[in-house]
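Okay, so here's the structure we're looking at.
Every number here is computed from the coordinates shown, using simple stated rules; none is lab data. No experiment lies behind these values; they were computed from the predicted model shown.
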Amino acid sequence: MIRLIDAALLDAISGEARSSPRLRRNRNFHPDNDFPAHRLLNAIEPGSYVAPHRHLDPLKDESMIVLRGRMGLVIFDDAGRVTLRTVIGPNAECCGVDIPHATWHTILALEPATVFFEAKAGPYLPLVQAECAPWAPAEGQAEAAGYLARLQGLFDEPSVPD
């Protein structure tokens, strides 16, 4: 089945993200979680917290291209120090990223209705403890809101490229 990625689809998934408690929603193009190649749209709204994580499986590199809005990307070292922060968007200097496996990272929406295309190897497997950053709060923890605010502050500074 041919699926067009058009403004109507981006609007629909953004609306679903806005009404989701996690402020994000994905739309899979792959048929199921066991499929070997995952291709999906991810809509994310400001205020959604994606806990820093990594994928240890050498087949789990992931690529993201922002189709609409602006997204902040933060890369960390093993101690949780920020090694890279950049803005990704269709009208920014950078429109996408390819993240190698074993790289600590997180993303955050810098504008409402941010949508990105993501591709990575399947099957879907929940993160294991070694893939969750020990220096960052998990999603749902009380400390997550303050940590997200600090991450957002990284993009308030004028030295971040657009």
Candidates His55, His105, His30: whichever shows maximal mean-square fluctuation once the chain is modelled as a Gaussian network with Cα springs under 10 Å: His30
If region 60-133 were replaced by its equivalent ellipsoid, with semi-axes equal to the square roots of 5 times the Cα gyration tensor eigenvalues, what would those be, largest first, whole Å? 21, 16, 10
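For region 101-162, what class follows from the C-alpha gyration tensor (a ≥ b ≥ c being the square roots of its eigenvalues): rounded when a/c is under 1.5, otherwise prolate if a/b is larger than b/c, else oblate?
Oblate, since a/c reaches 1.5 and b/c is not below a/b.
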Would you mind checking the radius of gyration and Dmax of region 1-62 based on alpha-carbon positions, in Å? 13.5, 36
Which of Pro90, Pro126, Pro58 moves most in a GNM of the chain, Cα contacts under 10 Å? Pro126
Size of the chain as Cα extents on the principal axes (Å, biggest first): 45, 33, 30
